[in-house]
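Encoded as structure tokens, the structure appears first; notes follow it.
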Amino acid sequence: MATDEIRNRGVNVTDHDLIFRSLTETLQNNVTPYIVSLQAKDCPDVKHFLQKLTSQLMDCCVDGKSKEVKSVKTPKKTNYSMDSLSSWYMTVAQATGPKMTIKKRTTSSQWQFPPVVIILKNMESFSTKVLQDFIIISSQHRHEFPLILIFGIATSPVIIHRLLPHAVSSLLCIELFQSLSCKEHLAVILDQLLLTAQFPFKISKKALQVLTNIFLYHDFSIQNFIKGLKLSLLEHFYLQPLSVLCCDLPEAKKRIKFLSVNQCENIRRLPSFRRYVEKQASGKQVALLTNDTVLKEETQLLLEDLHVYHMNYFLVLRCLHNFTSCLPKYPLGRQIRELYCTCLENNVWDSEEYASALQLLRMLAKDELMSILQKCFEVLHSSTTKQLGSTTQKVKDFLTQFQNLDADSKEEEDACGSQSKGLQKTDLYHLQKSLLEMKELRRTTKKQTKFEMLRENVVNFMDNLVRSYLLPPESQPLHEVVYFSAAHTLREHLNAAPRIALHTALNNPYYYLKNEALKSEEGCIPNIAPDICIAYKLHLECSRLINLVDWSEAFATVVTAAEKDANSTISEEMNEIIHARFIRAVSELELLGFIKPTKQKTDHVARLTWGGC
């Protein structure tokens with residue numbers, strides 16, 4: 001069955017559904033409109049398999065007009081077979097085939113009509129007999145019913161041959177493909193969104209660590225990581241008044257001209273701008289602090305410098321990563337995000353890891369250095385930054401010098417060979433003496449070879465680049481405009497802490513509801529609070545075993561506090577309502593895991609939590 005392909009997508013990937021939705025859209029836009037997705041629970045046998053396949057194919061639309069497909073005669077609902085399905089497909093394909101675009105025809109050129117794609121997201125969950133029977137049946141109709149099978153495999157591609165015997169798998173033309181690993185996806189996202197000067201918005205080291213830690217230690221979800229970035233962007237524009245300048249440089253320069261007096265004062269209050277003003281001459285300090293026009297002009301220059309800083313920063317960061325990512329034990333990290341986090345907060349050249357990396361770089365071989373320099377040249381050559389123009393030429397010169405070392409090394413070998421020939425003419429005693437003298441001479445002089453000197457020059461050149469361009473963002477004036485640093489806000493919204501959130505909500509409902517009437521002093525219980533909050537705060541005052549009668553009376557006392565002030569007595573009907581509210585609150589606390597029934601005492605429940613929550 002040469003028209004069938006089996007392809008691999010693991011259902012154990014966190015963003016599994018999102019991947020398959022994207023795959024389905026891509027196939028619909030480029031290959032075929034006939035795409036069916038089947039679940040194992042809906043296909044216990046071949047009959048139900050064909051039934052689901054047929055019903056979904058009936059709903060497929062060609063060129064966005066479902067009426068054209070449904071207007072064609074379809075097989076009866078009681079006759080779900082490959083013969084009827086094939087005849088229906090040929091009728092529909094012939095009726096709609098001429099209207100297919102050229103792009104879709106060329107993509108599936110091996111067939112006269114667009115193929116039918118069946119996606120089985122979890123192959124391991126399907127019955128082996130159902131898969132075998134369907135493949136055998138469909139192979140007999142491969143000419144009139146072109147078919148592509150996409151199998152999502154969570155374990156290993158070997159499972160195909162374990163589930164399908166050779167007689168069945170031989171009917172298939174198998175092709176394997178898989179998505180990138182989660183870490184590779186993360187590297188792509190960071191490279192496109194954060195490690196570039198194209199987008200002005202940036203996040204601090206602590207905020208980035210919060211997002212990456214959630215990704216690496218909790219869910220491995222790229223979708224959730226992007227949501228975290230969106231939350232960071234939203235919080236930055238909500239919390240930072242000057243985030244109006246976090247945009248493209250030409251647009252930011254236009255907005256600076258229309259800054260209000262309050263916004264100018266906000267610029268003067270920025271810690272980075274204060275440090276910048278302190279370094280200026282006294283006359284300029286007065287002008288920056290009193291004249292808004294001078295302030296706006298200086299702000300434009302500072303934002304332009306910040307943009308240039310980011311362009312140079314990321315180019316040098318990639319070059320440094322090329323140098324250090326191949327070192328043993330990865331002293332500065334294996335991934336570029338690790339190096340980026342290190343450079344964000346402090347001077348990277350002051351760390352012990354950086355010193356260790358330089359020592360290892362001074363021991364690299366020629367081929368390794370040339371490979372690294374070639375990568376750096378490609379990175380620098382792709383940029384149009386004028387400040388690094390001479391740097392690109394310098395890297396190119398280093399490559400040329402390394403290539404010219406071959407001729408020089410041959411001359412050195414010839415010179416050494418002539419010396420060794422002269423030594424061979426003497427006897428053994430004088431030969432040993434001469435060799436010892438030469439060894440001692442080399443040890444005392446320590447003369448470096450041309451390669452060692454060139455390698456030292458390369459390492460020093462890279463070190464100078466790092467010290468010049470990888471300054472921490474906090475050293476730049478106005479960095480607060482584009483950098484989001486409220487990592488605690490991300491932790492509050494993204495870190496999973498349900499017990500703490502429950503305790504906060506039940507102990508202080510005002511924290512979430514923001515109702516002024518719910519404000520109360522420490523230790524007080526407002527009678528208008530939700531019933532579960534009143535019951536929860538009362539249960540915190542109890543010991544391990546809670547008497548339901550006492551608990552109920554205390555609950556009624558709090559709830560009826562306002563009524564008792566107005567009326568000295570409470571009606572029977574009101575008492576029943578209060579009792580019902582108490583029973584419901586107790587049931588809710590039991591459902592949340594704060595209490596449980598106990599047989600130790602009658603009319604008692606056991607408390608399950610201690611301390612603050």
In the range 155-314, what percent of the accessible surface is made up of carbon and sulfur (1.4 Å probe, ligands and nucleic acids excluded)?
57
Modelling each spin label as a point 7 Å along the Cα-to-Cβ direction, I'd like the Asn262/Gln359 distance in nm, to one decimal.
5.7
To the nearest 0.05, how large is the calculated FRET efficiency for Gln28 and Ser282 if R₀ is 60 Å and r is the Cβ-Cβ distance?
0.30
Spacing of the two label points (7 Å from each Cα toward its C-beta) at Met453 and Leu193, in nm:
5.0
Using a 1.4 Å probe and counting only protein heavy atoms, arrange Lys41, Lys121, Lys227 so the residue with the most accessible area comes first.
Lys41, Lys227, Lys121
Net charge near Asn213, counting Lys/Arg +1 and Asp/Glu -1 over other residues with Cβ under 14 Å of its Cβ?
+3
In a Debye calculation with equal point scatterers on the alpha-carbon sites of the range 500-603 and no solvent, what is log10 I(q)/I(0) at q = 0.22 Å⁻¹?
-1.29
Solvent-accessible heavy-atom area per residue, rounded to whole Å², over the range 512-561 at 1.4 Å
54
Among the listed pairs Lys202/Lys296; Lys253/Lys396; Lys366/Lys439; Lys254/Lys284; Lys206/Lys329; Lys254/Lys279, which are separated by more than 30 Å between their Cα atoms?
Lys253/Lys396
Using a 1.4 angstrom probe and counting only protein chains, how large is the accessible area of Phe199 in Å², to 10?
90
In Å², and per residue, what accessible area does the range 186-280 have when probed at 1.4 Å with the other protein chains present?
53
Quick check: with the 1.4 Å probe, what order do His141, His161 take by accessible area, largest first?
His161, His141
Give me the net charge of Cys341's neighbourhood, meaning all other residues with Cβ under 13 Å from the Cβ of Cys341; Lys, Arg count +1, Asp, Glu -1.
+2
With a 1.4 Å probe and all protein chains kept in place, how do Lys329, Lys537 rank by accessible area, largest first?
Lys329, Lys537
Exposure of Thr290 as accessible area (Å², to 10), given a probe of 1.4 Å and all protein chains
100
For a label point 7 angstrom out from the Cα of Lys227 toward its Cβ, which stretches of the range 495-514 have the backbone nitrogen within less than 18 Å?
495-499, 501
With every protein chain in place, what's the accessible area of Thr91 (1.4 Å probe, Å², nearest 10)?
70
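The values are calculated or read from the model by the stated rules, or taken from the named source; none is laboratory data. Not measured: the values here are computed from a predicted model. As a convention, Cβ positions derive from the backbone with ideal geometry for all residues, glycine included, and neighbour counts pool all protein chains shown. Accessible surface is based on the protein model in full, side chains and every heavy atom, while ligands, DNA and RNA are left aside. Shrake-Rupley method; radii C 1.70, N 1.55, O 1.52, S 1.80 Å.
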